[in-house]
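Note sheet for the following structure.
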Amino acid sequence: VIFLVSVFIFPLWRMQFFATFYPDGLKLYIYSYKLEGGKTAGRDDLREINSLNHYIGMKPLSQSDFAEFTYLPFVFGALGLLTLRAVVPGKVSTLVDLIVMYFYVGFFSILDFYNKLYTYGHNLAPDAPIKVQPFTPPLFGKKLIAQFTVYSYPSLGTIGMFLTIVTLIIALILTSKEVKS
């Protein structure tokens, strides 16, 4: 549960956009409950990204367009409570169910995130000042989009969730060995 707390404190994902006119890069952080741009002196990266998106006809990134920010904190909270519940009775079946739920939430979240990336990059306004071919920003890794090199990677919140799953799997393995003895 301690590792899972990280999804409420740290971003789940981070994206960075580099171009010759942004050598220090623009940063976008995706939390379980909000979007946030990097902040530097006189610049909010989310606002800057949205300004650039306007030129290629991409819809602005707005927190209100992400229903996930309203329910993800509750999903992670429920997983935390179910994790604590699995510890008290210590039943192997409860632990197995919990691990399956973690994988389901992780898999669904990745699919949902990919769908958002695809939708934003393919629904470009036809009257945009700068014409670009529809694209999908990278879900994971590096991709060249127009004049920008975009990097997309999990952040500390996702790493905390991964460590939670690993800990549960280790607990299942140790419990299974103890039951066999």
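The values are calculated or read from the model by the stated rules, or taken from the named source; none is laboratory data. Owing to the predicted nature of the structure, the values given are computational and were not obtained by experimental measurement. So basically every Cβ, Gly included, is an ideal-geometry build from the backbone, and we count neighbours across all protein chains shown. For the accessible areas, the whole protein counts, side chains as well, though only heavy atoms, and no ligand, DNA or RNA atoms are used. Shrake-Rupley method; radii C 1.70, N 1.55, O 1.52, S 1.80 Å.
Identify, from the list VAL96, VAL87, the residue that is touching a residue at least 60 places away in the same chain (Cβ under 8 Å), of a type in the set (A, V, I, L, M, F, W, C) and open to solvent by 50 Å² or more (accessible area, probe 1.4 Å).
Going through VAL96, VAL87 in turn, the sole match is VAL96.
Go through (1) surrounded by 16 or more Cβ atoms within 10 Å (Cβ to Cβ); (2) not in a helix (DSSP H, G or I) one by one and return the number of the condition PHE69 breaks.
All conditions are met except number (2).
With the condition being more than 24 Å from ASN123 (Cα to Cα), I'd like the strands (runs of 3 or more DSSP E) fully within region 1-66 carrying at least 2 qualifying residues.
The strands (runs of 3 or more DSSP E) meeting that bar are 22-30.
Are any residues in region 21-63 β-branched (Val, Ile, Thr) and either within 19 Å of the chain's Cα centre (by Cα) or open to solvent by less than 40 Å² (accessible area, probe 1.4 Å) (or both), and if so, which ones? I'd like the intermediate steps shown before the answer.
From region 21-63, those β-branched (Val, Ile, Thr) are 30, 40, 49, 56; that's our starting set.
Answer for region 21-63, where residues must be β-branched (Val, Ile, Thr) and either within 19 Å of the chain's Cα centre (by Cα) or open to solvent by less than 40 Å² (accessible area, probe 1.4 Å) (or both): ILE30, ILE49, ILE56.
Name the residues in region 114-137 that are touching a residue at least 40 places away in the same chain (Cβ under 8 Å), touching a Leu at 6+ places or on another chain (Cβ under 9 Å) and open to solvent by less than 40 Å² (accessible area, probe 1.4 Å), would you?
TYR120, PRO137
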